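The values are calculated or read from the model by the stated rules, or taken from the named source; none is laboratory data. Predicted model only: the values in this text are computed from it and were never measured. We place every Cβ from the backbone using ideal geometry, glycine too, and count neighbours over all the protein chains shown. Surface accessibility is based on the protein's heavy atoms, side chains included, excluding ligands, DNA and RNA. Shrake-Rupley method; radii C 1.70, N 1.55, O 1.52, S 1.80 Å.
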Amino acid sequence: MVLAGFAGMVDSGYVGFHSLTGLLIPCGPAGGCDQVLNSSYSHWGGVSIAWFGFAFYLAVTAAGIFGLSGFRQVFRFSLIATLAAFLVTLYLLYVQAFILQAFCDYCLLSALLVFVILGAHLALRPWNGTPESA
């Protein structure tokens with residue numbers, strides 16, 4: 001969970017930084033990064049959604065570190081944030097597939113990381129009160 005959160009911070013930070021500078025992001029096999037990242041769906045309230053993703057990944061990384069340090073109750077907070085991120089991710093995947101008909105490699109990586117983090121939470125079962133490990 002900590003590693004996936006850190007990878008998400010790097011991914012979303014990279015996209016967020018490029019959104020601030022206006023520089024083009026090199027795109028890989030998906031090939032639709034410019035179309036996706038410059039769409040009206042890529043910002044909320046004038047802020048790149050990559051920065052919201054960065055905040056989420058930072059929270060998950062911190063929760064994982066605190067959880068490993070014995071503060072296991074943070075996994076419950078992290079689970080709620082992860083469920084919200086999962087729903088947003090499903091919506092953004094829908095937007096890419098059916099509205100924009102273009103995919104962004106960085107967005108797909110972020111979606112994969114959210115799925116991995118959700119899987120880690122389901123394995124931890126924080127609703128039981130005694131998760132095993134992060």
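Note: relative contact order over region 60-114, using C-alpha pairs below 8 Å and six or more positions apart, is 26 percent.
How do Arg125, Arg72 rank by accessible surface area computed with a 1.4 Å probe, from largest to smallest?
Ranking Arg125, Arg72 by accessible area, largest first, yields Arg125, Arg72.
Between rounded, prolate and oblate, where does region 1-77 land on the alpha carbon gyration tensor, with a ≥ b ≥ c its root eigenvalues, rounded for a/c under 1.5, else prolate if a/b exceeds b/c? Since a/c reaches 1.5 and a/b is larger than b/c, the shape of region 1-77 is classed as prolate. Scaling against 2.2 N^0.38 Å puts the C-alpha radius of gyration of the chain at 1.08. Of the accessible area of region 12-69, computed with a 1.4 Å probe over protein heavy atoms only, carbon and sulfur atoms account for 70 percent. Its relative contact order, with pairs defined as Cα atoms under 8 Å and 6+ residues apart, puts the chain at 37 percent. Using a simple spin-label model with points 7 Å from Cα along the Cα→Cβ vector, what separation in nm is obtained for Leu24 and Phe86? In this crude label model, Leu24 to Phe86 measures out at 3.8 nm.
Only helices enter this figure: runs of n ≥ 4 DSSP H residues, each worth -39500 (n - 2.57), summed and divided by the residues of the chain, yield -21500 deg cm²/dmol at 222 nm to the nearest 500. Note on the chain: with a GNM built from Cα contacts shorter than 10 Å, the maximum mean-square fluctuation among Gly119, Gly46, Gly31 falls on Gly46.
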